[in-house]
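K.L.:
Here it is, the structure in full.
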Amino acid sequence: MPSGRETAREVIGDVASSFTELPDEPVPSEVDGPLGWPGYGDQLARAAGSTGERESVVCGVAGIGGVTAVVVAFEFGFLGGSLGTRTGTRIEQAFTHARERRLPVVSLVATGGSRMQEGTLALLQLSGIARQLTLTREAGLPHVAVLRDPTTGGGWATLGAGADVVLGLRGAQVGFAGSRVRPPGYTVAQQFAAGSVDQLVRREELRDRLGRWLRLLTTPARAAAPPPVALGEALLPTTGWDAVVRARTLGRPRAKAYLASYFEWHEPVSGDRAGGVDPGVFCGFGHRDGETFAYAAQDGTATRPAGFRTAARLVRLADRLGVPVLTLVDTPGAANDEAAEKAGVGAAIADLFTAVASARVPVTTLLIGEGGSGGALAFAAPDRLWVTPDSYFAVISPELATAILKRDPAQARRTADELRLRPQDLVELGVARGVVQPGRPSDQATAM
C-alpha cells in the first residue's frame, strides 16, 4: 500500500468515536469472478490477506460529533478500492440500513473506479448506487462525502459528486479520469475552483468538520428564520436618491457581517456543480440557538450565473432536508456581460426563481443594500421580505431607468423619487413587511 495512505478502518477511527460494522451478507461468487478472469480469485485472496478485508468497502454505524451515521469507507489497498459487484451489494445494504433507521450517510471515498476483472457487471453497480442516492434523497436524509486520495471514475461520479455536501482532503487526486487514463491527475483544489467541491479540509480537521456538518444537517429549525437586525443606519432616507447613495456606500455592513452576527457558527457550500463559482454569493448552513437555518447571501456585486445556480442548489437541498432558509439581498443586478450571457444567466435566474417559489420550507429575506431588478428579486421571498434603513429596491437603477425613458441624465435624482424605491416606500406599497432597525428584535420591526 502506498506510504501515507490511510486504510478504511484508520480513517473511520480518525472521524468516529464509535463504530459497529454492518453484517456482511453472503453472496454467491465464482472463484475467478463472473467473467472467469484468469487469476482473479488469487488477486482477491492476496487483497484480503494484505488488508484483512473481504471487499473494498467497510460499512457500519458510527458516532461522529454526537450524531449517529452510517459510514461507507473505501479500502484502497483492496484492489485500488475498485467497485465490483460485491462492493455494490455492500453499499446498497448500507444505504438501505440508513433509510430504515433514518440516519445520515457519510461516504469516505478512495477508489480507482470500476473493477476491470468483472467487466460491465462492475460498471452496472454505478446505476445501483445512483438509485440508492436517489432513494436516500427522497427520504429526506443527508449524505456527506469525503474525497480521499484518489477519488476517480465511477466512485467520483456517484458517491462523490452525487453527495449533498462534498468535502475534499487537501492534496487528493479527484476526477473522472484517473492518472493512468489522463496523466497528470486532476486535483481536489481544481475541483473546488470549478465549483464541484464545497470545502477543502486538512486531514487533522476532518473529525471536527464532519461533526459540525452532521449536526447542521440533522437539526433543522422548527420555524421560519427571523430576519436579522439591521447593522447599519437607523434613520430612514428622505429621498429616493438618498436611499440609493446610502445603499452604495462602501463602508456599509455587508453579507459577511450579517452572517457573523446572525449565526453562532456556520459552514459554507461552494459552487454550482456545473463548472462555476461566484465569489460574490455566500451559501451554506448556520447554527443559531441550537437549530439550523440555510442561507444564501449576495455580497454587493453583480451576481453571476454560477451564483444563481449555487443559491438554487442550496434552496433545494434545504427544502429536501426541511431546513428553513434565510436570504440576504444586496446586488446592483445580475451580471449582463458577454460571459454571463454565454453561461446562461437568464436560465440561472429562472432556476432560482423556481427553487424559491417551489420551496416547502419557509424562506425569509432581508434586503441589506441594493436591490437591483430581477437579479435581486430572484433571491427574495415574495411573502417574507424585510428591509433595512440603508437599502432600496427598484425595477432598475435610476440611471438606467432615466436612459430608457430618454430623459436627461441629470434627471436621475427625480427618477429615483418616482420609482418609490426607499425602504418606507416598499412597505407602503406592500412589497416588504417592515423595516428592521439596529439592535431591535425582528419582531419589533417597523411596519409603515
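The values are calculated or read from the model by the stated rules, or taken from the named source; none is laboratory data. Source: prediction; values computed, not measured. All Cβ positions, even for glycine, are placed from backbone atoms using ideal geometry, and neighbour counts span all protein chains on display.
K.L.:
Name every residue in segment 383-402 that is of a type outside the set (Gly, Ala, Ser) and touching a residue at least 24 places away in the same chain (Cβ under 8 Å), in order of residue number. Before you say what the answer is, go through the steps one by one.
P.N.:
Here is the first cut: in segment 383-402, the ones of a type outside the set (Gly, Ala, Ser) are 383-390, 392-393, 395-396, 398-400, 402.
Arg384, Leu385, Trp386, Val387, Thr388, Pro389, Asp390, Tyr392, Phe393, Val395, Ile396, Pro398 - these are the residues of segment 383-402 that are of a type outside the set (Gly, Ala, Ser) and touching a residue at least 24 places away in the same chain (Cβ under 8 Å).
K.L.:
In segment 105-140, which residues are surrounded by fewer than 20 Cβ atoms within 10 Å (Cβ to Cβ) and not in a helix (DSSP H, G or I)?
P.N.:
Those that are surrounded by fewer than 20 Cβ atoms within 10 Å (Cβ to Cβ) and not in a helix (DSSP H, G or I): Leu124, Ala139, Gly140.
K.L.:
Can you pull out the residues in segment 355-402 that are over 19 Å from Ala318 (Cα atoms), of a type in the set (D, E, K, R) and at pLDDT 95 or above?
P.N.:
Start the filter on segment 355-402 by keeping residues that are over 19 Å from Ala318 (Cα atoms), which leaves 367-377, 386-402.
The next check asks that each one be of a type in the set (D, E, K, R); those that pass are 370, 390, 399.
Of everything in segment 355-402, those that are over 19 Å from Ala318 (Cα atoms), of a type in the set (D, E, K, R) and at pLDDT 95 or above turn out to be Glu370, Asp390.
K.L.:
Taking segment 206-225 as the region of interest, how many residues are surrounded by 21 or more Cβ atoms within 10 Å (Cβ to Cβ) and either polar (S, T, N, Q) or within 28 Å of Ala394 (Cβ to Cβ) (or both)?
P.N.:
Residues flagged as surrounded by 21 or more Cβ atoms within 10 Å (Cβ to Cβ) and either polar (S, T, N, Q) or within 28 Å of Ala394 (Cβ to Cβ) (or both) within segment 206-225 amount to 1.
K.L.:
Can you tell me which residue is surrounded by the most Cβ atoms within 10 Å (Cβ to Cβ) among those in segment 16-64 that are β-branched (Val, Ile, Thr) and under 22 Å from Arg203 (Cα atoms)?
P.N.:
Val57
K.L.:
Next up: Output the number of the condition that Phe393 fails; it satisfies all remaining conditions of (1) buried (at least 22 other Cβ atoms within 10 Å of the Cβ); (2) of a type in the set (Phe, Trp, Tyr); (3) closer than 19 Å to Thr310 by Cα.
P.N.:
Only one criterion in (1) buried (at least 22 other Cβ atoms within 10 Å of the Cβ); (2) of a type in the set (Phe, Trp, Tyr); (3) closer than 19 Å to Thr310 by Cα is unmet by Phe393, namely (3).
K.L.:
Do any residues in segment 234-257 that are at pLDDT 95 or above have Cβ atoms under 8 Å from those of residues that are of a type in the set (A, V, I, L, M) and assigned to a helix (DSSP H, G or I), where the two are at least six apart or on different chains, and which pairs are they?
P.N.:
The qualifying pairs are Pro237/Ala243; Thr239/Ala416; Gly240/Ala416; Trp241/Ala412; Trp241/Ala416; Ala243/Ala416; Val244/Ala416.
K.L.:
Also, quick follow-up: Which of the following residues is among the β-branched types (Val, Ile, Thr) and more than 30 Å from Arg212 (Cβ to Cβ): Thr68, Thr51?
P.N.:
Thr51
K.L.:
Got a sec? Which of Gly13, Gly88 is under 29 Å from the mean Cα position of the chain (by Cα), crowded, with 17+ Cβ neighbours inside 10 Å, outside any loop (DSSP other than H, G, I, E, B) and not basic (Lys, Arg)? Steps first, answer last, please.
P.N.:
Numbers: Gly13 fails: crowded, with 17+ Cβ neighbours inside 10 Å.
Being under 29 Å from the mean Cα position of the chain (by Cα), crowded, with 17+ Cβ neighbours inside 10 Å, outside any loop (DSSP other than H, G, I, E, B) and not basic (Lys, Arg) holds for just one of Gly13, Gly88, which is Gly88.
K.L.:
Specify which of the listed residues (Ala172, Ala122) is free of Cβ contacts under 8 Å to residues at least 40 places away in the same chain and assigned by TED's automatic domain parsing to the domain that holds Glu55. Step through it out loud before you land on a result.
P.N.:
On the way: Ala122 fails: free of Cβ contacts under 8 Å to residues at least 40 places away in the same chain.
After ruling out the rest, the residue left standing is Ala172.
K.L.:
Another question, then. Sort out which residues of segment 124-159 are more than 20 Å from Gly112 (Cα to Cα) and of a type in the set (S, T, N, Q), and write them in order of number.
P.N.:
Listed by number, the residues that qualify are Gln132, Thr134, Thr136.
K.L.:
Which is β-branched (Val, Ile, Thr) and either modelled with pLDDT under 95 or touching a Cys at 6+ places or on another chain (Cβ under 8 Å) (or both), of Val281, Val269?
P.N.:
Answer to the check: Val269.
K.L.:
Select from segment 348-360 the residues that are in contact (Cβ under 8 Å) with a residue 40 or more places away in the chain and of a type outside the set (Ser, Thr, Tyr) and list them in ascending order.
P.N.:
Step one: list which residues in segment 348-360 are in contact (Cβ under 8 Å) with a residue 40 or more places away in the chain, which gives 348-349, 351-352, 354-356, 359-360.
Result: Ala348, Ile349, Asp351, Leu352, Ala355, Val356, Ala359, Arg360.
K.L.:
Does Leu35 qualify as being touching a residue at least 60 places away in the same chain (Cβ under 8 Å) and within 20 Å of Gly155 (Cβ to Cβ)? So that I can check it myself, show each step before the final result.
P.N.:
On the way: touching a residue at least 60 places away in the same chain (Cβ under 8 Å): yes; within 20 Å of Gly155 (Cβ to Cβ): no.
So Leu35 does not fit the description; no.
K.L.:
Moving to a separate point now. List the number of the failed condition for Ile12; all other conditions in (1) touching a residue at least 60 places away in the same chain (Cβ under 8 Å); (2) over 23 Å from Arg215 (Cα atoms) hold.
P.N.:
Exception for Ile12: condition (2).
K.L.:
Among Gly346, Gly307, which is in the same structural domain as Ala260 (by TED's automatic domain parsing), crowded, with 24+ Cβ neighbours inside 10 Å and at pLDDT 95 or above? It would help to see each step written out before you state the result.
P.N.:
Values: Gly346 fails: crowded, with 24+ Cβ neighbours inside 10 Å.
The unique qualifying residue is Gly307.
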